[in-house]
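A.B. asks: Handing you this structure, nothing more for now.
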Amino acid sequence: MSHLDRIVIVGGGAGGLELATRLGDRLGRRKRARVTLIDCARTHLWKPLLHEVAAGSLDLYENDLDYLAQARWHHFEFQLGRVDGLDRARRVVKIAPTYDEEEHEELIPRREISYDVLVIAVGSRTNDFGTLGARECAISLDTPDQAEHFHRRLVNACIRANAQTGPLRPEQLNVAIIGAGATGVELAAELHKTTRELVAYGFEKIDPERDIHMTIVEAGPRILPALPERVAQAAQDLLKSLHVEVLTGERVTEVRPASVVTASGRTIPVELTVWAAGIKAPDFLADLDGLETNRINQLIVHQTLQTTRDPAIFAMGDCACCPWPGHAPCVPARAQAAHQQASHLVHNLKRHHQGKSLKPYLYRDFGSLVSLGEYSTVGSLMGRLMGGAIFVEGLFARLMYISLYRMHLYALHGAAKVSFDLLGRLFTHRTEPRVKLH
């Protein structure tokens, strides 16, 4: 291979940004490779935090990370743009024109970027399964902009309800969450807390216990289907104590502007609908110059994370279907998997640079945790010392949940910056509202 390999990473999510940062520190800083990260956004936010942005308990602009700054600090190059094509014969990725968000003027024309090694880490998107009205009337939480959009609509709904002279309409201040996976359950608990804090800031006509209703609609037989049943039951018991209505075995067939309709014929009046059921990889992967994909657009990869039809192209995270021998056809789409794969690829791409054989990636399941806001955290932890899975909840589980985000920050910034940032937030949060008010 050439002295200065061109490593291009598409997607700046948790895995892609960690990979770019570590490769920049190891190879870019020493001029052993040119590392380039491409993303259509200008900033990064850890995706598991999006439900907190939507609920208003986390300010996006205090917690996002500027890609350009990270690139300068860690010796890689950042390119703003959305990849919409690939030419494997010429080894180039094609990037669509980039436009100004407000003026809609072209900022960057269509262009191509050459690579020697390409890593695709574009994550996943919500899968609405083609449900009638879902795209037009429901909000997904795939991006910070969508989470911010939901929060603005929530605040505006409270302002409107507080200002009107007549009684509330049947759907007013009702929120439906479609899908009872981790995102849906965490959002419901977080909204229960933040809506009560929000109305305390001058919304005296709104009684949250009487006027604000939340409903989770799940097509399967129970909530949190990917987690152990004991974890799901603990979460459901807490949701019940918060008066969050949970409807299982109800498949949504239509989303309307003021209601949700299920297959059983039930009509649920709602003002805001969040779609959090199912995932799929971005649609452009389904026809990416012949690369093999599955039914939800994930790229099929070997255990080395190389795509099946091109050894120079790797895929990782939610957009990749990596074998998990003895367990499932694909490694589960979780943040811990993306983190593990980023760490594995750092070493494998270094071996690739040196002309050595690549090592297979083996997923290690450390369990799952679900945050129910300030009320509780529940989950299961797995490990060899435990001899299987153990159920955890309460303060210990909450600390473990927080540590997952701290591990992500540590991978991006190192211990010193994470420690100083944490100390600074402890002081600033004492002088700020506990919920975002706009």
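A.B. asks: How far apart, in nm, are two points set 7 Å out from the Cα along the Cα-to-Cβ line at Tyr405 and at His243?
C.D. replies: My value for the distance between the label points is 2.8 nm.
A.B. asks: I would also like to ask the following. Looking at the chain only, what percent of DSSP beta bridges run antiparallel? Nearest 5 please.
C.D. replies: 50
A.B. asks: Using a 1.4 angstrom probe, figure out how much accessible area the stretch 324-405 has per residue, in square angstrom, rounded to the nearest whole.
C.D. replies: Values: 4280 Å² over 82 residues.
Heavy-atom SASA per residue in the stretch 324-405 reads 52 Å².
A.B. asks: Lys and Arg at +1, Asp and Glu at -1: add these up for the other residues within a Cβ distance under 14 Å of His347 and post the number.
C.D. replies: +4
A.B. asks: Kindly provide the helix-only [θ] at 222 nm of the chain, computed as the sum of -39,500 (n - 2.57) over DSSP H runs of four or more divided by all residues, to the nearest 500 deg cm²/dmol?
C.D. replies: Numbers: 12 runs with 138 residues, N = 438.
Calculated mean residue ellipticity at 222 nm is -9500 deg cm²/dmol.
A.B. asks: On to the next question. Out of Ser264, Ile279, Thr293, whose Cα points farthest toward the positive end of the dipole of the stretch 245-314 (charges: +1 Lys, Arg; -1 Asp, Glu; placed on Cβ)?
C.D. replies: Ser264
A.B. asks: I'd like the FRET efficiency for Ala312 and Arg210, computed as 1/(1 + (r/R0)^6) with the beta carbon distance as r and R0 of 56 Å, rounded to 0.05. Kindly include the intermediate steps, with their values, before the conclusion.
C.D. replies: Values: r = 61 Å, r/R0 = 1.08.
It comes out at approximately 0.40.
A.B. asks: Once you list every other residue whose beta carbon is under 10 Å from the beta carbon of Pro332, what net charge do they have if Lys and Arg are +1 and Asp and Glu are -1?
C.D. replies: -1
A.B. asks: Another question about this same structure. When only Cα pairs under 8 Å and 6 or more residues apart are kept, what is the percent relative contact order across the chain?
C.D. replies: Values: 849 pairs, mean separation 73.9, N = 438.
Worked out over the chain, it gives 17 percent.
A.B. asks: Using a 1.4 Å probe on the protein heavy atoms, what percent of the accessible area of the chain belongs to carbon and sulfur?
C.D. replies: After summing per-atom areas, the C and S share lands at 54 percent.
A.B. asks: Then there's this: If you average 1/r over all unlike Cα pairs in the stretch 179-254 and invert the result, what Kirkwood radius do you get in angstrom?
C.D. replies: Radius from the Kirkwood sum: 13.3 Å.
A.B. asks: Any lysines with Cα under 27 Å of the Lys193 Cα? List them, leaving off those in the same chain fewer than 8 positions away.
C.D. replies: Once the sequence-local lysines are set aside, what remains near Lys193 is Lys47, Lys205, Lys240, Lys436.
A.B. asks: Consider the candidate values [x] 24.1; [y] 28.5; [z] 22.6; state which one is mean projected area of the Cα convex hull in nm² computed from the structure displayed.
C.D. replies: [z]
The values are calculated or read from the model by the stated rules, or taken from the named source; none is laboratory data. Only a predicted model underlies this, so the values are computations on that prediction, with no experimental measurement involved. Cβ coordinates were reconstructed from backbone atoms using ideal geometry, including for glycine residues, and neighbour counts include every protein chain displayed. In case anyone asks, the SASA skips ligands and DNA or RNA and just uses the protein heavy atoms, side chains included. Shrake-Rupley method; radii C 1.70, N 1.55, O 1.52, S 1.80 Å.
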